[in-house]
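Student: Quick one: structure below, then a few questions.
The values are calculated or read from the model by the stated rules, or taken from the named source; none is laboratory data. Small disclaimer: the values here were computed from a predicted structure and weren't measured. Cβ placement follows ideal geometry from the backbone for every residue including glycine, while neighbour counts extend to all protein chains displayed. These accessible areas exclude ligands, DNA and RNA; they are computed on the full protein's heavy atoms, side chains included. Shrake-Rupley method; radii C 1.70, N 1.55, O 1.52, S 1.80 Å.
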Amino acid sequence: MDLYEHQARELFEEHGIVVPRAEVTDSPGRAREIARALGGRAVVKAQVKTGGRGKAGGVRLAADPAAAEEAARRILGMDIKGHPVDTVMLAEPVDIEREFYVSYVLDRSAGRFLAIASAAGGTEIEQVAAERPEAVARIPVDPAVGVHTAMAVRIADAAGLPPQTVDVLVRLWKVLVREDALLVEVNPLVRTAQGRIVALDGKVTLDDNARFRRSRWGDERAASADPLEARAAAKGLNYVRLDGEVGVIGNGAGLVMSTLDVVAGCGARPANFLDIGGGASARVMADGLSVVLSDPAVKSVLVNVFGGITACDAVADGIVGALDEVRLTKPLVVRLDGNNAARGRALLDARAHPLVEQVTTMDGAARRAARLATAA
Ligand code: GDP
Ligand code: MN
């Protein structure tokens with residue numbers, strides 16, 4: 001998950017990196033007040049999760065509070081590379097003497113991090129990297145060793161950064177490690193006319209696998225995703241929406257993946273991936289069914305379960321319980337095999353729901369669900 005600039009700024013500040021005073025708002029009127037509180041002048045910056053804001057007109061220097069209000073009015077509602085701007089950050093302007101570029105990024109193929117740094121930072125860094133690659137230093141960082149002073153000196157030397165940046169390089173590494181980030185980038189890191197080193201812009205990408213211990217930024221992926229995916233995520237379901245018409249529910253990611261293939265092989269398209277995992281209680285089954293059935297594109301649902309540690313009769317119990325809770329509106333094809341399959345099938349037969357039918361093989365069940373979906 002990417003953070004907004006103002007969130008990255010907050011993390012930098014917490015780790016002792018100097019950043020300009022700043023505040024966020026979605027109102028031009030409030031922007032005027034913030035500018036006044038910052039001393040009159042302000043840099044007004046679009047808060048969007050994409051780069052190149054400056055070039056797109058999303059960063060404006062305002063000479064007084066009225067100009068800040070006007071700048072905010074212009075920037076709010078802009079669209080920057082498909083990202084609508086609904087908040088701006090107002091920052092105290094900094095007198096820039098030099099602009100540098102520094103970042104740490106995970107290098108997956110090498111199993112290391114990479115420190116990337118340049119004395120030619122600023123909005124043209126991509127062009128610099130393309131035209132003068134020697135102006136951009138790339139130094140591997142062993143994650144087990146990290147960036148301490150000696151390493152930071154090496155990075156600064158290689159990039160031609162002044163010695164005052166060494167402290168920032170060490171602190172930035174701490175941001176990366178302590179916040180579970182895959183990328184931290186400061187462009188520009190500036191030296192002011194007064195000789196201070198200030199992080200003027202920040203980009204941080206957090207590792208989603210560490211989300212469980214980094215809840216402070218909220219679950220933005222769920223909030224911004226497809227509404228059904230958001231609902232599923234809120235219920236703790238492993239659901240991915242696809243664009244077909246056969247809803248798919250199974251236990252175990254591998255089984256669900258192959259079910260998607262088999263459905264596709266039968267000439268239909270899967271509407272989703274949903275792995276209900278090992279539990280398969282009535283609760284999970286009801287939640288899963290209700291999410292899958294809420295997709296208007298779904299014409300039939302295929303439940304494919306191979307009983308291993310979770311026995312089929314427990315899953316059948318879950319399905320029967322779910323049928324009491326969720327109104328079934330589309331045909332449901334169930335395939336139960338493996339541990340206690342016969343008992344599971346008997347339980348479902350006993351429920352005798354008119355829209356539920358059982359097929360004993362995976363291929364047969366997929367064919368049936370595909371037929372029901374394409375005939376509907
Ligand atoms: P980006 O275009 O999305 O990377 O946005 P930045 O926050 O990096 O701003 C782009 C450029 O605006 C920077 O490289 C600076 O040249 C300029 N800029 C941003 N903040 C200030 C500031 O406080 N003072 C001055 N003089 N220029 C700034
Ligand atoms: Mn920038």
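Student: How big is the antiparallel share of DSSP beta bridges in the chain, given as a percent to the nearest 5?
Tutor: Percent antiparallel among DSSP bridges in the chain is about 75.
Student: Still on this structure, please answer the following. Could you work out the relative contact order of the chain? I mean the mean sequence separation of Cα pairs under 8 Å and 6+ apart, divided by the number of residues, in percent.
Tutor: Relative contact order for the chain comes out at 12 percent.
Student: To continue, here is another question. Which whole-Hz ³J(HN,Hα) couplings does region 97-105 yield from phi under the Karplus relation 6.51 cos²θ - 1.76 cosθ + 1.60, θ = phi - 60°, glycine and proline marked x?
Tutor: My calculation for region 97-105 gives 9, 9, 10, 10, 10, 9, 7, 10, 9 Hz in order.
Student: Shifting gears a bit: For the chain, what does the accessible surface come to per residue with a 1.4 Å probe? Please give it in Å².
Tutor: That works out to 46 Å² for each residue.
Student: Please give, to one decimal in nm, the separation of the simple spin-label points placed at GLU13 and ALA193, each 7 Å out from Cα toward the Cβ.
Tutor: With each label point 7 Å from Cα toward Cβ, the separation is 2.5 nm.
Student: Can you list the equivalent-ellipsoid semi-axes of region 137-290, largest first and in whole Å, using the square root of 5 times each Cα gyration tensor eigenvalue?
Tutor: Ellipsoid semi-axes (Å, largest first): 47, 16, 15.
Student: Once you keep just the Cα pairs under 8 angstrom separated by 6 or more residues, what percentage relative contact order results for region 1-153?
Tutor: Relative contact order comes out at 20 percent.
Student: Where does helix 65-75 land angle-wise versus the long Cα axis of the chain, in degrees 0 to 90, nearest 10?
Tutor: Around 40 degrees separate the two axes.
Student: I've got another one for you. Which loop-located trypsin sites (Lys or Arg not before Pro) does region 280-376 contain, where loop means any DSSP state but H, G, I, E or B and the Cβ has at most 12 other Cβ atoms within 10 Å?
Tutor: Of the trypsin sites (Lys or Arg not before Pro), the ones in loops of region 280-376 whose Cβ has at most 12 other Cβ atoms within 10 Å are ARG327.
Student: For the chain, find the longest principal axis of its Cα atoms and tell me its angle to the long axis of helix 282-293, 0 to 90°, nearest 10.
Tutor: That helix lies at roughly 80 degrees to the long axis.
Student: Under 5 Å between amide hydrogens, which residues at least 5 positions from LEU182 or on another chain qualify, with H placed 1.01 Å from N in the peptide plane?
Tutor: THR205, LEU206, ASP207
Student: Right, something else. Could you work out the relative contact order of region 67-213? I mean the mean sequence separation of Cα pairs under 8 Å and 6+ apart, divided by the number of residues, in percent.
Tutor: 23 percent
Student: Right, next: Percent of Cα-Cα pairs per 5 Å bin, from 0 to the last occupied bin, for region 21-91, please list those.
Tutor: Result, from short to long distances: 4, 22, 34, 23, 12, 4, 0 percent.
Student: Oh, and also: Quick one: of LYS49/LYS81; LYS55/LYS174; LYS55/LYS81; LYS174/LYS203, which pairs are farther than 21 Å apart, Cα to Cα?
Tutor: Pairs exceeding the cut-off: LYS55/LYS174.
Student: Amide H of ASN340 versus every other amide H placed in the peptide plane: which residues, excluding those fewer than 5 positions away on the same chain, fall under 5 Å?
Tutor: Amide H to amide H, under 5 Å and 5 or more residues apart or across chains, ASN340 pairs with CYS312.
Student: If packing is taken as the mean number of other Cβ atoms within 10 Å per residue, what is the order of 123-130, 185-192, highest first?
Tutor: 185-192, 123-130
Student: Using helices alone, I'd like the mean residue ellipticity at 222 nm for the chain: each DSSP H run of four-plus residues gives -39500 (n - 2.57), total over residue count, nearest 500.
Tutor: -11000 deg cm²/dmol
Student: Mind computing the radius of gyration and Dmax over the alpha-carbon atoms of the chain? Å is fine for both.
Tutor: According to the Cα coordinates of the chain, Rg and Dmax are 27.3, 82 Å.
Student: Could I ask something else about it? Give the value in nm², to one decimal: projected area of the alpha carbon convex hull of region 1-131, averaged over all directions.
Tutor: So the mean shadow area of the Cα hull is 9.3 nm².
Student: Here is a further query. Normalise the Cα radius of gyration of region 96-213 by 2.2 N^0.38 Å (N = residues in it) and let me know the number.
Tutor: 1.02
Student: So, by mean Cβ neighbours within 10 angstrom, what's the order for 78-88, 26-36 with the highest one leading?
Tutor: In descending order of packing, they fall as 26-36, 78-88.
Student: Tell me, what is a quarter of the convex hull surface for the C-alpha atoms of region 253-376, in nm² with one decimal?
Tutor: The directionally averaged projection comes out at 6.4 nm².
Student: Any idea what the alpha-carbon Rg over 2.2 N^0.38 Å comes to for region 211-311?
Tutor: 1.09
Student: Can you work out D for region 83-136 in µm² s⁻¹ from Stokes-Einstein, where Rh is the Kirkwood radius over C-alpha pairs, the temperature is 20 °C and the viscosity is 1.002 mPa s?
Tutor: 156 µm²/s
Student: By how many degrees, 0 to 90 and rounded to 10, does the Cα axis of helix 149-159 deviate from the longest principal axis of the chain?
Tutor: The two axes meet at around 80 degrees.
Student: A further question on this structure: Using only the alpha-carbon atoms of region 162-249, report the extent along each of the three principal axes, biggest first, to the nearest angstrom.
Tutor: Largest first, region 162-249 extends 63, 22, 17 Å along its Cα principal axes.
Student: Let me ask you something else. At a 1.4 Å probe, what is the % contribution of carbon and sulfur to the accessible area of the chain?
Tutor: Accessible surface attributable to carbon and sulfur in the chain totals 51 percent.
Student: Given H placed 1.01 Å from N in the peptide plane, which residues other than close sequence neighbours of LEU242 have an amide H under 5 Å from its amide H?
Tutor: For LEU242, whose amide H was placed from the backbone, the distant partners under 5 Å are ASN272, PHE273.
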